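J.: Let me begin by handing over the structure; questions about it come next.
The values are calculated or read from the model by the stated rules, or taken from the named source; none is laboratory data. Quantities reported herein were computed from a predicted structural model and do not represent experimental measurements. Glycine also receives a Cβ, built like all others from the backbone with ideal geometry; neighbour counts cover every protein chain displayed. When the accessible area is computed, the model is the full protein with side chains, heavy atoms only, and any ligands, DNA or RNA have been set aside. Shrake-Rupley method; radii C 1.70, N 1.55, O 1.52, S 1.80 Å.
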Amino acid sequence: MSELKMITEVSTSQKAVAITFDDGPNPIYTPQVLEIFAEAEGKATFFMIGEQMEKNPEIVKEAAEQGHEIGNHTYSHPKLSELTPADCLAEIERTEQMIRDLTGKKPVTFRPPYLDYNHETISVVESKGYSMIGALNLEAQDWEQPGVDHILAASKKCVNNGSILIFHDGYGDRSQTIEAVRVLVSELKSQGYQLLTVSELLNI
């Protein structure tokens, strides 16, 4: 059995990308993301943290009802390589159960916090049947608030058929991210790209 790899893009001739958001749901920024994607008639994937889902369950339901994908991003956002396999599994399963309870669906995509993992993490994620999802536009570093122009330019460089892009809708001030995503989504639509969930992209 080949070892689970972090998926950052999907090989496809279709003009489609998956835009993902980490660390939500957030009562200020997640609804703005939903609005941007509703206007663009696109779908996004939200890698949500259990602790935040407990505080904002209605946003989780709303995102799922609008057809977006809810991915697992652990319960408390730890560095998984520093946990025992049992603690790692507990982090994943706790959030998986919450996603099931709130959306009626078992999540099938997982992103490790800080994109940090080791062999033991991989074994746990594999045993749960998840695809482990990375992203191409890490240079955008939107979590550092480097400015709308930087986020946009670094992300646009990574746009190809099948690209997976990462942004953050939780923790701190995400207004730069929202502005950059608003422009990016509009440009991608005008260039004829489909905005798909990660699972839709994987299934192409």
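J.: For the chain, what is the calculated [θ] at 222 nm in deg cm²/dmol (nearest 500), taking -39500 (n - 2.57) for each run of four or more DSSP H residues and dividing by its residue count?
T.: Rounded to the nearest 500, it is -12500 deg cm²/dmol.
J.: Something else now. Please list, or write none, the lysines whose alpha carbon is within less than 24 Å of the alpha carbon of residue 55, excluding same-chain residues fewer than 8 places away.
T.: Partners found: 43, 79, 105, 106.
J.: If you take the square roots of the eigenvalues of the alpha-carbon gyration tensor of segment 87-204 and sort them as a ≥ b ≥ c, do you get rounded (a/c under 1.5), prolate (a/b over b/c) or oblate?
T.: Cα axes put segment 87-204 in the prolate bin.
J.: Separate question: Sum up the charges of everything whose Cβ sits under 12 Å from the Cβ of residue 175, counting Lys and Arg as +1 and Asp and Glu as -1, but leave residue 175 out.
T.: Surrounding charge for residue 175 is -2.
J.: Under unit Cβ charges (Lys, Arg +1; Asp, Glu -1), what dipole magnitude, rounded to 20 debye, does the chain have relative to its Cα centre?
T.: 520
J.: If you filter segment 46-124 for trypsin sites (Lys or Arg not before Pro), then keep DSSP loop positions with at most 12 other Cβ within 10 Å, what is left?
T.: Qualifying residues, ordered by number: 105.
J.: Choose one of 99, 172, 147: the residue whose Cα lies farthest towards the positive end of the charge dipole of the chain (beta-carbon charges +1 Lys, Arg; -1 Asp, Glu; about the Cα centre).
T.: Working it through, the farthest residue towards the positive pole turns out to be 99.
J.: So which helices of the chain fit the span-like rule, where a helix is a whole DSSP H run, its Cα atoms reach 20 Å or more along the axis, and its mean Kyte-Doolittle is at least 0.0?
T.: Qualifying helices, which must be both long enough and hydrophobic enough, are 175-190.
J.: Report the FRET efficiency, 1/(1 + (r/R0)^6), for residue 100 and residue 149, where r is their Cβ-Cβ distance and R0 is 45 Å, rounded to 0.05.
T.: Calculated value: 0.65.
J.: So what does residue 186 come to for accessible area, using a 1.4 Å probe and Å² rounded to 10?
T.: Looks like 70 Å² after rounding.
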